[in-house]
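Beneath this line is the structure, given in structure tokens, with notes to follow.
Bear in mind these aren't lab numbers, they're just calculated from the coordinates by the rules spelled out. Here the structure is a predicted model, which means the values were calculated and not measured. Here the Cβ is made from the backbone with ideal geometry for all residues, glycine too, and neighbour counts use every protein chain on show.
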Amino acid sequence: MPPLTCFNYINGQWVPAKVRETSQSRNPANSSEVVATFPLSTSADVNAAVEAARKAYLSWRKIPAPQRAEYLQRVAQILTKRKEELATVMTREMGKTIAEARGDVQEGIDCAFYYAGEGRRLFGQTTPSELSNKFAMTLRMPVGVCALITPWNFPVAIPCWKSLPALVCGNTIILKPAKDTPACATLLVEVFQQAGFPPGVVNLVHGVGPEIGQDLVEHPGIDLVSFTGSSVIGSQVGEICGRIHKRVCLELGGKNAQIVMEDADLELALEGALWGAFGTTGQRCTATSRLILHRDIKKEFTEKLLEKTAQLRLGPGIDPKTDVGPLISSTQREKVKKYIDLAREEGAKILLGGDIPKDSALKSGFFFEPTILDHVTPQMRVAQEEIFGPVVGLIEVSSFEEAISVLNDTPYGLSSSIYTQDINRAFQAMQDLEAGITYINGPTIGAEVHLAFGGVKQSGNGHREAGTTALDVFSEWKTVYVDFSGRLQRAQIDNRSV
Ligand code: UN1
């Protein structure tokens, strides 16, 4: 297939960047196939996108939300029609298996239907006033122009999580996708174009993070930044936004764990661990990277886990028999490799994997063996830092209380899981696990679009995406008082007897 030539999308037109330098995305399963070329935009392109988005905002915000929702309804329908096409390009460009790529597009479709429905709600509140003949209410108002900076690991779902609630709330958007997945972003924006959004409502600027990311974040014409990515970049984004009082939503890393208690259904816990740790080659911010195992089941569970993990088939995601695709890039693979070296130095034992596969058929891609580390202790760096690869560390514990405390003992708090058949422990865990998401008898991955998504501690800045909670990111509350008494009523004074 010839490479896709990607352009920026500004004010309803596909345009090249002002400086005509380009870069490429490549298929991580073979590293040689160029999937797309994309422009390396500069601040001049960002300025043009901001100008278009600002102008469009003036009229888009005035379109009634139920009518804005009709555009989202069309996005849902067109995405459904183009699901297979987008999934195939995603697998080629990003590497995840074709089944998972379909799931990624499906998440976008679900999101579009969900927020289209929100267009007929966007509920505010009415509440009694302290004073007579006076009405009090809150309304959702749009924020303005939103910069959406998105990662490569969910190249359709995450841009949808951000753009669709932003649009239904009446904002205009500038999407800046990851440099690794320009083709996915281009096809998604093509879907928005087909849905007929007025010019300037949806804009796309390609480029490399540090170069135009900062321009976007600092630009005075942008009112809100929504960023998903690493905690390191997230704190830089947050710092700039804090300094200039810009609204910012940060979805950052995770060091998610699955607890397996001695009373758990072991087969179920095993399937959950395999999917949570090695699904998407461990490249999810919700991936399971620690297994906290009760000592009474650790031996049996580990043996079975080793056996099942050894059976996982590595290969190009496009082959339906593949369980685990490649990592996104050689840089990411180097990072994973460094963590394996570190694990060795720290005294962990590599039970399985830990290297680049020897199989010559896999040589040209960025593959890495599914890896199980044993004798991991809670304070090792491999148990504290996000690896973002197919690596899981086993930590032994002797009690439920210890399991909870080990799970909580990292700087992150995104997703968490416990397998137990004891209802009291399940509820106790629900209450005590320090994470934005807790699964009872399910793996740490697999969030659904109509529920809040996000984490505590360094996993974010307190906001939640998805569900109605995303509306709180993308709208401002306006409180309105209507006094129909025809006279001055002084709150806190005229309604008091003393
Ligand atoms: C991410 O990895 O950034 O819950 C998002 C999940 C997916 C989304 C992951 N629905 O695993």
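Okay, here's what the table says:
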| quantity | calculated |
| --- | --- |
| Reachable lysines from LYS18, criterion Cα separation under 17 angstrom, eight or more residues apart if same chain | LYS176 |
| Percent of beta bridges antiparallel (DSSP, region 139-298, rounded to nearest 5) | 0 percent |
| Simple Cβ-charge dipole of the chain, Lys/Arg +1 and Asp/Glu -1, about Cα centre, in debye nearest 20 | 1800 debye |
| Integer Hz, Karplus 6.51/-1.76/1.60 couplings in order for region 343-348, x for Gly and Pro | 4, 4, 4, 7, x, 7 |
| DSSP-defined antiparallel bridges as percent of all bridges, the chain, nearest 5 | 40 percent |
| Listed peptides 104-113, 62-71 by packing density, highest first (mean Cβ within 10 Å) | 104-113, 62-71 |
| Angle in degrees between helix 423-432 and the longest Cα principal axis of the chain, rounded to the nearest 10 | 60 degrees |
| Extended-chain gain in nm, criterion 0.36 nm per residue less alpha-carbon gap, MET1 and LYS338 | 117.9 nm |
| Peptides ranked, highest mean first, by Cβ atoms within 10 Å: ranges 4-10, 391-397, 355-361 | 391-397, 4-10, 355-361 |
| For region 424-498 versus region 215-261, the gap between their alpha-carbon centres in whole angstrom | 19 Å |
| Rounded to whole Hz, the Karplus (6.51, -1.76, 1.60) HN-Hα couplings of region 472-483, x for glycine and proline | 6, 6, 9, 9, 9, 7, 10, 9, 10, 10, 10, 9 |
| Rounded to 10°, Cα long-axis angle of helix 43-60 versus longest principal axis of the chain | 50 degrees |
| Partnerless Cys - the chain, beta-carbon criterion under 4.7 Å | CYS6, CYS146, CYS169, CYS184, CYS241, CYS249, CYS285 |
| Potential extension, LYS358-GLU85 segment - 0.36 nm per residue separation minus Cα distance | 95.1 nm |
| Rounded, prolate or oblate (a/c below 1.5 giving rounded, otherwise prolate when a/b exceeds b/c) for the chain by Cα gyration tensor | oblate |
| Value of relative contact order over the chain, rounded to a whole percent, pairs C-alpha under 8 Å and six or more apart | 18 percent |
| Cα gyration tensor, region 257-440 - rounded (a/c under 1.5), prolate or oblate | prolate |
| Inter-part distance where region 290-307 and region 9-87 are each reduced to a Cα centre, Å | 46 Å |
| Number of Lys pairs (Cα under 24 Å; 8 or more positions apart or on different chains) in region 257-440 | 24 |
| Helix 231-243 vs. the chain, principal-axis angle (Cα, 0 to 90°, nearest 10) | 20 degrees |
| Peptides 196-208, 444-456 ordered by average Cβ neighbours within 10 Å, highest first | 196-208, 444-456 |
| Amide H partners (placed H, <5 Å) of ARG26, local residues excluded | VAL35 |
| Among GLY144, ALA361, THR377 - extreme Cα towards positive end, dipole of the chain, charges at beta-carbon | GLY144 |
| Within region 257-440, percent of DSSP bridges classed antiparallel, to nearest 5 | 10 percent |
| Separation in nanometres of the label points that stand 7 Å from Cα toward Cβ, at ILE63 and MET141 | 2.1 nm |
| Pairwise FRET efficiency - ARG243 versus ALA310, Cβ, R0 = 60 Å, nearest 0.05 | 0.75 |
